[in-house]
Each structure stands twice: as C-alpha cells, then as structure tokens.
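The values are calculated or read from the model by the stated rules, or taken from the named source; none is laboratory data. What you see is a predicted model; the values in this text were computed from it and never measured. Don't worry about glycine lacking a Cβ; one is built from the backbone with ideal geometry, like all the others, and counts go over all protein chains shown. Just so you know, the surface numbers come from the protein's heavy atoms only, side chains and all, with ligands and any DNA or RNA stripped out. Shrake-Rupley method; radii C 1.70, N 1.55, O 1.52, S 1.80 Å.
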Amino acid sequence: MPNGFLEHYYGTKMDQPCAIAEAIRQHWQSFTFEQARHRFNHRPGAIEAEKVFRAFGINDGAVFFAGKGEENSTLALCTSATASELIKGHEPVLAAAAWKLHQMLNGHPDLLPIS
C-alpha cells in the first residue's frame with residue numbers, strides 16, 4: 001500500500017462505509033476490490049471511500065485471508081491495473097502465500113493490528 005494510505009483511510013474513518021472493508025468484515029474469501037465494489041458500493045459513503053483509493057493511485061486489488069480464530073491475517077494486494085487479470089489462475093498460490101506470510105510474520109512488532 002502506498003505510504004500514508006492507511007493513516008488517511010483510517011484517520012478519516014473511510015473504513016466504515018468502504019465496500020472493500022465490508023467484504024473483509026463479512027470474511028469473503030479471495031476477492032478483488034472490484035468484486036466488493038460491485039456488491040457494496042451502494043452503501044452511503046462508499047463512493048467517498050473510493051476517492052481515497054483513487055487519490056493514492058489504487059485502482060484495484062485482491063484480498064486473501066490466512067490464520068485461524070482470533071489470530072487471522074488479511075493480505076491485501078493493491079494495483080493501479082485490473083486485479084482480476086493479474087491474479088487470474090494464481091488464486092491458490094496467492095492464498096498459500098497469504099498463509100505462509102501469516103506464519104512467518106504472526107506477532108511481528110511492525111504489523112498493524114486492525115479490529
């Protein structure tokens with residue numbers, strides 16, 4: 001993610017109406033930002049949340065989950081391109097990479113815990 005994105009995104013509380021955050025809260029598995037937008041962009045404030053992504057050059061991305069129970073991780077990959085074309089046919093490998101990263105980095109002091 002671009003420097004400053006998360007601070008701005010959470011600082012302005014854009015995570016509340018964000019379509020991508022809603023898909024994460026509902027634990028969708030292996031989805032692109034565009035898929036989440038298609039389903040949840042009708043929510044009040046979702047378009048304003050999208051403006052933050054665009055301001056930081058994030059056009060699309062993909063989300064993969066790893067971990068279990070309270071110790072879970074969300075791997076979000078961002079791109080200025082279209083994510084579906086970038087990940088096409090690689091979802092199983094990216095899901096495995098998310099699990100491996102979770103194992104390697106779980107508890108690392110530089111990770112950002114987000115409820």
When the stretch 23-65 is examined, which residues are found to be farther than 17 Å from Met1 by Cβ, surrounded by fewer than 16 Cβ atoms within 10 Å (Cβ to Cβ) and without any contact (Cβ under 8 Å) to a residue 24 or more places away in the chain?
-> Arg25, Gln26, His38, Arg39, His42, Ile47
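Would you please name the residue that is farthest from Tyr10 (Cα to Cα), looking only at residues in the stretch 84-115 that are acidic (Asp, Glu) and open to solvent by 90 Å² or more (accessible area, probe 1.4 Å)? Can you show your working first?
Taking the stretch 84-115 first, the residues acidic (Asp, Glu) are 85, 91, 110.
Next cut, open to solvent by 90 Å² or more (accessible area, probe 1.4 Å) only: 85, 110.
Numbers: Glu85: 28, Asp110: 17 Å.
Going through the qualifying residues, I end up with Glu85.
Looking at the stretch 66-83, which of the residues that are among the small types (Gly, Ala, Ser) and over 21 Å from Pro2 (Cβ atoms) is surrounded by the fewest Cβ atoms within 10 Å (Cβ to Cβ)?
In the first step, residues of the stretch 66-83 are kept if they are among the small types (Gly, Ala, Ser); the result is 66-67, 69, 73, 76, 80-81, 83.
Filter once more, keeping what is over 21 Å from Pro2 (Cβ atoms): 66-67, 69.
Working: Ala66: 20, Gly67: 14, Gly69: 5.
Top of the filtered list is Gly69.
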Filter result (farther than 22 Å from Met14 by Cα and either free of Cβ contacts under 8 Å to residues at least 12 places away in the same chain or touching a His at 6+ places or on another chain (Cβ under 6 Å) (or both)) within the stretch 66-83 | Ala66, Gly67, Lys68, Gly69, Glu70
